[in-house]
Amino acid sequence: MAKETGIKSWKELNFGIAITTPGNASELKTGDWRSMRPETNKEKCTKCGQCYIFCPDMVYSKDAEGYYPQNYYWCKGCGICAKECPVDAITMVQEVD
Amino acid sequence: MSKKIGIEVSIACAEAAGLCDVDVVAAYPITPQTHIVEHLSEMVADGHLDAEFVPVESEHSAMSACIGSSAAGARTFTSTCSQGYALMSELCYIAASLRLPIVMAVANRALSAPINIWNDHADLMYARDTGWVQIIAENGQEVVDLTIQAFRIAEDPNISFPVQVNLDGFTLSHMIEPLTIPDKAEVQKYLPPFKPKFYLDPSNPMTLGAVGMPDIYTEARKAQDEAFKATLPYIEKAWDEFGKQFGRQYKPVETYKADDAETILISMGSLSETAMTAVDHLRAKGKKVGLARIRLFRPFPAEALFAAIKNAKNVIVLDRVTSFTGGHVSGPVALEVKSILWDRKCYPKLRNFLVGLGGRDTTVENFEEMLEKVAASKDDGVAPAYEFINVRE
């Protein structure tokens, strides 16, 4: 529906407000009302992937080195990852701007 | 060949849905709608109708199942009334927004409290803002015809909205009348197979009923409103074609002795039959009275109603519901009429009467009383927004 890249006119909406491109929720920016941001300390991180498993959105994915960096496009700052991290490698940091 | 038989109107309504080769019926029984779904269930059980009958556990589930089946491309029918309608109502808005052409017969009944199983238009007005097409029957033959037309109207790709066929509970639903039941081949000629624009299909996946946040909700509503605004000529076309094929013509507003009338009554549903008797009675006494019967409540046929009432000195609007406005604005039908008149700068003397609540009969004498009240009322100061008729003081 409403992508970050331009809202559609009412004339362009699908019949019955159907979504005919499945999976397009990934285009929706859900990370714009966060007040706290999770940050990972790579020195503590054991690459266990618990943050990836517990994140209710799609913030975490595995990189080439095996770490799980955040994609803040979807991060609402819920803090579940920081709570669940077994080695306390994730801390919630205040968003300043 | 169509045949004329003596039949209970509810049974005839079910037979009409059967003639339309409905694929799915999901319904929960409630008085006075029960005979409609009971008979459909029998037709399916006896092998007379090749359809899925889903005996759901509530009206909320009934409309949920209907939304699913209609979205899958099945011709879908249900029926309810009153408290049952209230329970299913949250789904009804969704059916309209998703443009699902479900047909529902509503055997109009009062809403509680006090608990009352008899007829008025509380459920019809409860459904007013859901985005459904609302059509109102006046007698048994109209119930048969309107049920068949409802599928044609709902499934017209230019319309594609759910349609509610309203029939007064008991007054119509439980009457046995001589009715013409059309031949199935004739119905099939009138009603082409259902070809939805979109339907749920695993090989072509899509999402129906997603979240619409503040940045898209207004656009979604505007699109639905524009689509609904465009439906009226196609509804009339469906009626015209029915008239040509079956010889019975329907219009959004139908009049009776209205052309030279000084006073026009505005009514809906089976009460219009009594109103016509009252018009005859009052005409015999020299009163120039006429009647405008609203057949289509949503979309509201403003131009047709205005054409019927614009030359009248007095307009009497009947509402069959208590809408608890606070006393200073009128009942729902009168609100529509006032809006039409105001927009066209036409200001007859208008009075709104609340009648026929919870099965209370409205008689010819009641119409005489209304006429006397209008004649006696002076246009000085603020007129009463509405008055109860036939209430014990």
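Mean-square fluctuations from a GNM of chain B, with a 10 angstrom spring cutoff on Cα atoms, peak among B:Asp319, B:Asp123, B:Asp50 at B:Asp50. Extending 7 Å from Cα along the Cβ direction at B:Lys287 and again at B:Met1 yields two label points whose distance is 4.6 nm. Among the GluC sites (Glu not before Pro) in the range B:30-94, those located in a DSSP loop and surrounded by at most 10 other Cβ atoms within 10 Å of their own Cβ are B:Glu57.
Maximal additional length on extending the A:Met58-A:Ser9 stretch stands at 14.8 nm, based on 0.36 nm per residue less the C-alpha distance.
Partners of A:Lys29 within straight-line reach, counting lysines whose Cα lies under 21 Å from its Cα and excluding those fewer than 8 residues away in the same chain: A:Lys3, A:Lys8, A:Lys62, A:Lys76. Springs between Cα atoms under 10 Å define the GNM used for chain B, and in it the highest mean-square fluctuation of B:Asn119, B:Asn311, B:Asn108 occurs at B:Asn311.
Of all DSSP beta bridges located in the protein assembly as shown, what percent are antiparallel, nearest 5? Write out the running numbers ahead of the final one.
Values: 19 of 56 bridges.
Percentage antiparallel, nearest 5: 35.
Between B:Phe324 and B:Asp129, the contour length at 0.36 nm per residue exceeds the Cα-Cα span by 68.5 nm. Straight-line cross-link partners of B:Lys195 among the aspartates and glutamates, defined as a Cα under 12 Å from its Cα and at least 8 positions apart when in the same chain: B:Glu155, B:Asp156.
Straight-line reach from B:Lys222: taking Cα to Cα under 19 Å and skipping same-chain neighbours fewer than 8 places apart, the aspartates and glutamates in range are A:Glu12, B:Asp129. Residues in the range B:368-376 carry Karplus couplings, in order, of 4, 4, 4, 5, 5, 4, 5, 4, 7 Hz; the curve used is 6.51 cos²θ - 1.76 cosθ + 1.60 with θ = phi - 60°, and Gly or Pro positions show x. Approximating the spin labels as points 7 Å out from Cα along Cα→Cβ, the B:Asp343-to-A:Lys29 distance works out to 4.0 nm.
Taking R0 as 30 Å, what's the FRET efficiency between B:Glu241 and B:Lys197 from their Cβ-Cβ distance, rounded to 0.05?
Values: r = 21 Å, r/R0 = 0.70.
So the FRET efficiency works out to roughly 0.90.
As I understand it, the value is the acute angle between the Cα axis of helix B:34-45 and the longest principal axis of the Cα atoms of chain B; what does it come to in degrees, rounded to 10? Its long axis makes an angle of about 20 degrees.
For the residue pairs B:Lys285/B:Lys338; B:Lys287/B:Lys313; B:Lys229/B:Lys251; B:Lys229/B:Lys345; A:Lys11/B:Lys229; B:Lys3/B:Lys184, the alpha carbons lie more than 19 Å apart in B:Lys285/B:Lys338; B:Lys229/B:Lys345.
If you take all C-alpha pairs in the range B:139-292, what percent of them are over 18 Å apart? Write down the numbers at each step before the final one.
Details: 8314 of 11781 pairs.
Of all Cα-Cα pairs in the range B:139-292, 71 percent lie more than 18 Å apart.
Okay, helix-only estimate at 222 nm for chain A: each DSSP H run of n ≥ 4 adds -39500 (n - 2.57), divide by all residues, round to 500 deg cm²/dmol; what do you get? Taken over chain A, the calculation gives -2000 deg cm²/dmol. Under a 5 Å amide H cut-off, with hydrogens placed 1.01 Å from N, B:Ile7 pairs with B:Glu177, B:Leu179 among residues at least 5 apart or on other chains. The range B:267-317 and the range A:5-42 have their alpha-carbon centroids 52 Å apart.
Using θ = phi - 60° in the Karplus curve 6.51 cos²θ - 1.76 cosθ + 1.60, the 3J(HN,Hα) couplings for the range B:57-74 round to 9, 6, 5, 4, 5, 4, 5, 4, 5, 5, 4, x, 6, 5, 5, 7, x, 9 Hz; x is entered for Gly and Pro.
Rg to Rh ratio, the protein assembly as shown, alpha-carbon atoms and Kirkwood radius? Could the numbers behind the result be given before it?
Values: Rg = 27.8 Å, Rh = 25.4 Å.
Answer for the protein assembly as shown: 1.10.
Amide hydrogen proximity for B:Thr255: with H placed 1.01 Å from N in the peptide plane, the residues at 5 or more positions away or on another chain lying under 5 Å are B:Arg293.
Considering only A:Gly31, A:Gly49, A:Gly23, the mean-square fluctuation computed in a Gaussian network model of chain A, springs between alpha carbons under 10 angstrom, is largest for A:Gly23. Backbone geometry of the range B:143-155 corresponds, through the Karplus equation with coefficients 6.51, -1.76 and 1.60 at θ = phi - 60°, to 3J(HN,Hα) couplings of 4, 4, 5, 5, 5, 5, 4, 4, 5, 4, 5, 4, 8 Hz, x marking Gly and Pro.
Every number here is computed from the coordinates shown, using simple stated rules; none is lab data. Predicted model only: the values in this text are computed from it and were never measured. Virtual Cβ from ideal backbone geometry, glycine too; neighbours counted across all protein chains shown.
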